[in-house]
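The structure appears below as structure tokens.
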Amino acid sequence: MQKRNITFELTTFDSLEELSSEDANLMAEAVAARKNAYAPYSNFQVGAAVLLENGEIVIGNNQENASYPSGLCAERVAVFYAGAKYPGVGIKSIAITATSTTYQLTEPAAPCGNCRQSISEYEVRQKSPIALLMMGETGKILKCDSMADILPLGFDSSFL
Ligand code: THU
């Protein structure tokens, strides 16, 4: 028997001012997108901004539905839109921010499992890492260098 440790590096920033201008700009786009979320059921608004290798930024926000499972998370709205509008163009990074109208979210919001899987598909396909920036409404910002970091032992097309 063998035990293995899987570790990854996470960078913490105390404020937006500590980010590179590229990352700060991307997070600003995610914040703007968050404000247009349609989240009347959860009151939890999420914004995502995807930076593509061609320099374009594609945004998304969560879109809920009276039939709850029919809604979609911000991250998937954004990456699917990027895939639809700029097919074959690589994704460099994704900024994610969340807030709630019922409490103050001061911790970074990490993507849900379905979004991790969906973003991972793009990362595996493009064979280069997608960096993730995560933020609540206020407070610290987390950055990880690859989706694989937060979805270790992932399932991908190589198994099919
Ligand atoms: N949500 C996202 O947009 N992204 C996530 O990664 C987690 C959850 C949305 C889905 C739903 O509209 C609301 O947040 C509450 O789950």
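Within the stretch 108-120, identify whether any single residue is farther than 21 Å from residue 31 by Cα, more than 11 Å from the ligand (Cβ to nearest atom), open to solvent by less than 40 Å² (accessible area, probe 1.4 Å) and assigned to a helix (DSSP H, G or I), and answer yes or no.
Yes; the residues of the stretch 108-120 include at least one that is farther than 21 Å from residue 31 by Cα, more than 11 Å from the ligand (Cβ to nearest atom), open to solvent by less than 40 Å² (accessible area, probe 1.4 Å) and assigned to a helix (DSSP H, G or I).
In this structure, does residue 26 turn out to be closer than 19 Å to residue 138 by Cβ, under 15 Å from the mean Cα position of the chain (by Cα) and of a type outside the set (D, E, K, R)?
Criteria met by residue 26.
Within the stretch 40-54, can one find any residue that is under 17 Å from the mean Cα position of the chain (by Cα), farther than 18 Å from residue 111 by Cβ and outside any strand (DSSP E or B)?
Checking the stretch 40-54: at least one residue is under 17 Å from the mean Cα position of the chain (by Cα), farther than 18 Å from residue 111 by Cβ and outside any strand (DSSP E or B).
Please tell me if residue 79 is buried (at least 16 other Cβ atoms within 10 Å of the Cβ), without any contact (Cβ under 8 Å) to a residue 60 or more places away in the chain and over 11 Å from the mean Cα position of the chain (by Cα).
So residue 79 does not fit the description; no.
If the requirement is being under 17 Å from residue 136 (Cα atoms) and modelled with pLDDT of 95 or more, which of these qualifies: 84, 33, 110?
Just one listed residue meets the conditions, 33.
Kindly indicate the residue of the stretch 12-21 that is part of a helix (DSSP H, G or I) and without any contact (Cβ under 8 Å) to a residue 40 or more places away in the chain and also most open to solvent (accessible area, probe 1.4 Å) among those meeting that condition.
Ranking the qualifying residues of the stretch 12-21, first place goes to 17.
Scan the stretch 65-103 for residues that are within 16 Å of the ligand (Cβ to nearest atom) and assigned to a loop (DSSP other than H, G, I, E, B) and jot them down.
65, 66, 67, 71, 73, 101, 102, 103
Yes or no: the stretch 55-63 includes at least one residue that is part of a strand (DSSP E or B), within 13 Å of the ligand (Cβ to nearest atom), in contact with a strand residue (DSSP E or B) (Cβ under 8 Å, 6 or more places away or on another chain) and open to solvent by less than 60 Å² (accessible area, probe 1.4 Å).
Yes; the residues of the stretch 55-63 include at least one that is part of a strand (DSSP E or B), within 13 Å of the ligand (Cβ to nearest atom), in contact with a strand residue (DSSP E or B) (Cβ under 8 Å, 6 or more places away or on another chain) and open to solvent by less than 60 Å² (accessible area, probe 1.4 Å).
Looking at 138, 101 in this structure, which one is hydroxyl-bearing (Ser, Thr, Tyr), under 22 Å from residue 15 (Cα atoms) and open to solvent by 70 Å² or more (accessible area, probe 1.4 Å)?
101
When only residues in the stretch 147-160 that are assigned to a loop (DSSP other than H, G, I, E, B) and in contact with a Ser or Thr (Cβ under 9 Å, 6 or more places away or on another chain) count, which is surrounded by the fewest Cβ atoms within 10 Å (Cβ to Cβ)?
By that ranking, first place goes to 155.
Of the numbered conditions (1) free of Cβ contacts under 8 Å to residues at least 40 places away in the same chain; (2) open to solvent by 60 Å² or more (accessible area, probe 1.4 Å); (3) under 26 Å from residue 125 (Cβ atoms), residue 38 satisfies every one except a single condition; which is it?
(3)
The values are calculated or read from the model by the stated rules, or taken from the named source; none is laboratory data. These figures come from a predicted structure and were not determined experimentally. As a convention, Cβ positions derive from the backbone with ideal geometry for all residues, glycine included, and neighbour counts pool all protein chains shown. In case anyone asks, the SASA skips ligands and DNA or RNA and just uses the protein heavy atoms, side chains included. Shrake-Rupley method; radii C 1.70, N 1.55, O 1.52, S 1.80 Å.
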